[in-house]
Structure formats: C-alpha cells, structure tokens
Amino acid sequence: MRVYNLCVKLAEGLPDVDFEVLEFAALLHDIGGQKEIQDKTGKTDHALVGAEMAAPILKEFGFSAEKINNIQDCIISHRYKTENQPETIEAKILFDADKLDAIGAIGVARAFVWVGNNKAGYYFGGCIFCFNSNNNNIFFFRIVFKDFLGKRKLVIKLE
C-alpha cells in the first residue's frame, strides 16, 4: 500500500491521469514478485510475469482490453532493470512511486536485506557498502537520480 499511497500523492493535481489505471497498476505492480524470488536462475522478471498475472484479474473486474493493456504497460515499465521505459503519465507515476518507496526506511531496509542475502555491495548516499561474494567477486549498488514529472527518484543498479 506504500507504493499505492505514493502514486495517489504524486498524481494529485496532475491533469489527464487515469486514476483507475494508476490505482490498479499500483496495487498489482509486484504481483509477480514471488515467482521472481523463487526462480534461482535469475531469469524471471517479476514485472513481465506480473503483467501476465494481472490480466485475468482485471478481466474479472470488467476492464476493457485497452485499460488492461494500459495497466499492464504500467506494471511492465515500473522495473528499473529493463529496457521497458514508462511512457504514459500513469506508468511514470508508478515508476517514481516505486523508486521513492525504495529509498524510504522500509525500502532501505529491504535493500540491505537483499545485499546481505546476496553478499553484494551497496552504495547509498555517498557511502559504499560492499560485501565479498562467495566467489570473491565484489558487487556494488549504484544509486542514480533521474527525473520524471519534476520529481526526484532513485534508480538502484547492481554493478
């Protein structure tokens, strides 16, 4: 609900936002996360899987094919690790909200848990936290600021 609430807040006062698309995209954007976590090969993209999983749910709610496609586009493009860039206002808001959530207290805690579990490194706010992996490779997260809709957000990349 944190990302949903951030979406609603970011969208306040913006023209031409389809709140129905935004709200359902926010609620369903990480629906494929468990499948990604369970895939030890690292080949599963929770955004792509989530978009597929969302379609039958959205059909049950009576959404048109066009709205389903718009919601799926938001879900697909919310992930920073892919080439799928957010194009619509709703997708850009969801992308921003998801990254803003990642820099909040819970998001930072989740990042450190990920780093610990993966013995990777983390660069945050000018500090580098690096952990030696089992095979003596050192990994770093690099945080990059981007700007959509005039809002500041972070993209966290594993290097």
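Values computed for the structure shown
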{"item": "Hits in the stretch 35-48 - residues which are farther than 22 Å from Ile89 by Cα and either of a type outside the set (Lys, Arg) or open to solvent by less than 100 Å² (accessible area, probe 1.4 Å) (or both)", "result": "Glu36, Ile37, Gln38, Asp39, Thr41, Gly42, Thr44, Asp45"}
{"item": "Flag if Lys59 is open to solvent by 10 Å² or more (accessible area, probe 1.4 Å), in a helix (DSSP H, G or I) and in contact with a Leu (Cβ under 6 Å, 6 or more places away or on another chain)", "result": "no"}
{"item": "Total residues in the stretch 1-24, condition farther than 16 Å from Ile71 by Cβ and not acidic (Asp, Glu)", "result": "9"}
{"item": "Matching residues, the stretch 48-89, being among the hydroxyl-bearing types (Ser, Thr, Tyr) and touching a residue at least 12 places away in the same chain (Cβ under 8 Å)", "result": "Ser77, Tyr80, Thr82, Thr88"}
{"item": "Of all residues making up the stretch 75-88, the number that are under 26 Å from Gly42 (Cβ atoms) and part of a loop (DSSP other than H, G, I, E, B)", "result": "9"}
{"item": "Residue check for Gly32: more than 17 Å from the chain's Cα centre (by Cα), at pLDDT below 95 and among the small types (Gly, Ala, Ser)", "result": "no"}
{"item": "Any chance Leu27 is within 20 Å of Ile89 (Cα to Cα) and modelled with pLDDT under 90", "result": "no"}
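Yes/no per residue for (1) among the hydrophobic types (A, V, I, L, M, F, W, C); (2) in a helix (DSSP H, G or I); (3) open to solvent by less than 40 Å² (accessible area, probe 1.4 Å):
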position	(1), (2), (3)
Leu10	yes, yes, yes
Asp73	no, yes, no
Glu90	no, yes, yes
Leu94	yes, yes, yes
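The values are calculated or read from the model by the stated rules, or taken from the named source; none is laboratory data. On a predicted model such as this, the values are computed, not experimentally measured, just so you know. Please note: Cβ atoms are built from the backbone with ideal geometry, for glycine as well, and neighbour counts cover all protein chains shown. Each accessible area value is taken on the protein alone, full model and side chains, heavy atoms only, with ligands, DNA and RNA left out. Shrake-Rupley method; radii C 1.70, N 1.55, O 1.52, S 1.80 Å.
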